[in-house]
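See below for the structure under consideration.
The values are calculated or read from the model by the stated rules, or taken from the named source; none is laboratory data. Treat the numbers as computed from the prediction; the structure is a model and nothing was measured. Here the Cβ is made from the backbone with ideal geometry for all residues, glycine too, and neighbour counts use every protein chain on show. Heads up: the accessible areas ignore ligands, DNA and RNA and are worked out on the full protein's heavy atoms, side chains in. Shrake-Rupley method; radii C 1.70, N 1.55, O 1.52, S 1.80 Å.
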Amino acid sequence: MKLSILTIGLALFTGSAFAQVAGGSMTKLFDLYVMGDYEKCYDKAIKATEDDDTKYESEPYLYAALSLKKISEDPELRQYYEDATKDAIKLAAKFTKRDIRKGEKDEETLFEENRETIGMFKRMAINEAKSFYVQQDWRKASYYLKYGLRIDPSDPAVELFKAVADYKSRNRYNGDKHSESAIKKFKELAKEGGYEPTEYNVTAFEDGFIEYVEYLKEEDELEKAREAASLARKLAPDNSKFERLESNLNG
């Protein structure tokens, strides 16, 4: 019987992607999450973000986000958590914000050890943004990309896609700010030999450049559009979408 229980426990652990916060120390949250008690894990994680002893830790925010993601995937549970996906994305962004603050104080951080989990939440934000973008709801697209960028502030792909959503929302100030920042980062990456998007941000990388070039064309900024298309090709020379993008501009 003991062997059977151990086997079940291992199956639960290994069969669940992102089953824990890497480098974490909150064993009660870990146990609840691994055993699939996502509602209780979420409740305890939220309480930990408010408790005086743990409210400055980043770990509970990530457990809360992970639990909400699981809840959003459960047909029975999600009816009680209508905003589970949106709230999970926002909690992941709060995790990064809190973790950055810990780093600034030379305290132990969790971001690097949890890059894969962070990438997963970033992809969630990008996917939500894309669904609104294709509906031409630019403001909501920008809203989700804002949180995607907060989840990973160093990602120029998300930043460029957000810039386009801002332009489409008629927020020229934020559009200029984010496009200039993203293009500057991409130019540095091009000098270093290129850029390899991950499975988590490839949508933002491709759509960001394609939509940015299209926006510049609409604004009759053709030279700037050609420069952006050329930069995209330098970053990813084998990308057929970027090849067509550049060729259509120069054809």
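In the set S230, S169, S179, S154, only one residue is over 26 Å from A93 (Cβ atoms), assigned by the TED database to the domain that holds A141 and of a type in the set (S, T, Y); that residue is S230. Among the residues making up region 203-228, those that are under 24 Å from the mean Cα position of the chain (by Cα), of a type outside the set (D, E, K, R) and either modelled with pLDDT under 95 or under 16 Å from I183 (Cα atoms) (or both) are A204, F205, G208, F209, I210, Y212, V213, Y215, A228. Of the residues making up region 1-41, those that are assigned to a loop (DSSP other than H, G, I, E, B) and at pLDDT 50 or above are F18, A19, Q20, V21, A22, G23, G24, S25, M26, M35, G36, D37. Residues of region 91-126 that are closer than 14 Å to E59 by Cα and among the charged types (D, E, K, R): K94, K97, R98, D99, R101, K102, E107, E108, E112, E113, R115.
Taking the listed residues A88, A93, A84, the one that is touching a Leu at 6+ places or on another chain (Cβ under 7 Å) and closer than 16 Å to Y200 by Cβ is A88, with no other qualifying.
Restricting D176, D166, D207 to those that are open to solvent by 20 Å² or more (accessible area, probe 1.4 Å) and free of Cβ contacts under 8 Å to residues at least 40 places away in the same chain reduces the list to D176.
Consider L160 carefully, then state whether it is closer than 20 Å to E227 by Cα, surrounded by 19 or more Cβ atoms within 10 Å (Cβ to Cβ) and not acidic (D, E). So L160 fits the description; yes. For region 46-59, which residues satisfy the criterion of being in a helix (DSSP H, G or I) and open to solvent by 60 Å² or more (accessible area, probe 1.4 Å)? Across region 46-59, the qualifying residues are K47, E50.
D43 - would you say it is surrounded by fewer than 17 Cβ atoms within 10 Å (Cβ to Cβ), within 21 Å of the chain's Cα centre (by Cα) and not assigned by the TED database to the domain that holds Y143? It is false that D43 is surrounded by fewer than 17 Cβ atoms within 10 Å (Cβ to Cβ), within 21 Å of the chain's Cα centre (by Cα) and not assigned by the TED database to the domain that holds Y143. If you go through region 233-251 and pick out every residue that is in a helix (DSSP H, G or I) and in contact (Cβ under 8 Å) with a residue 40 or more places away in the chain, you end up with 2.
Results for (1) in a helix (DSSP H, G or I); (2) touching a residue at least 40 places away in the same chain (Cβ under 8 Å), shown as yes or no for each residue.
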position: D87; (1), (2): yes, no
position: L91; (1), (2): yes, no
position: T96; (1), (2): yes, yes
position: R101; (1), (2): yes, yes
position: E107; (1), (2): no, no
position: Q136; (1), (2): no, no
position: S142; (1), (2): yes, no
position: K146; (1), (2): yes, no
position: L160; (1), (2): yes, yes
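Candidates are the residues of region 60-93 that are open to solvent by less than 10 Å² (accessible area, probe 1.4 Å) and not aliphatic (A, V, I, L, M); the one that is nearest to D106 (Cα to Cα) is P60.
For T198, indicate whether it is open to solvent by 20 Å² or more (accessible area, probe 1.4 Å), in contact (Cβ under 8 Å) with a residue 40 or more places away in the chain, in a helix (DSSP H, G or I) and of a type outside the set (D, E, K, R). When the stated conditions are applied, T198 does not pass them.
Each row is one residue, and each column tells you yes or no for (1) surrounded by fewer than 23 Cβ atoms within 10 Å (Cβ to Cβ); (2) within 27 Å of N174 (Cα to Cα); (3) not hydrophobic (A, V, I, L, M, F, W, C).
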site: I100; (1), (2), (3): yes, yes, no
site: M124; (1), (2), (3): no, yes, no
site: Q135; (1), (2), (3): yes, yes, yes
site: Y144; (1), (2), (3): no, yes, yes
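Scan region 62-84 for residues that are part of a helix (DSSP H, G or I) and either touching a helix residue (DSSP H, G or I) at 6+ places or on another chain (Cβ under 9 Å) or not assigned by the TED database to the domain that holds F95 (or both) and the total you get is 14.
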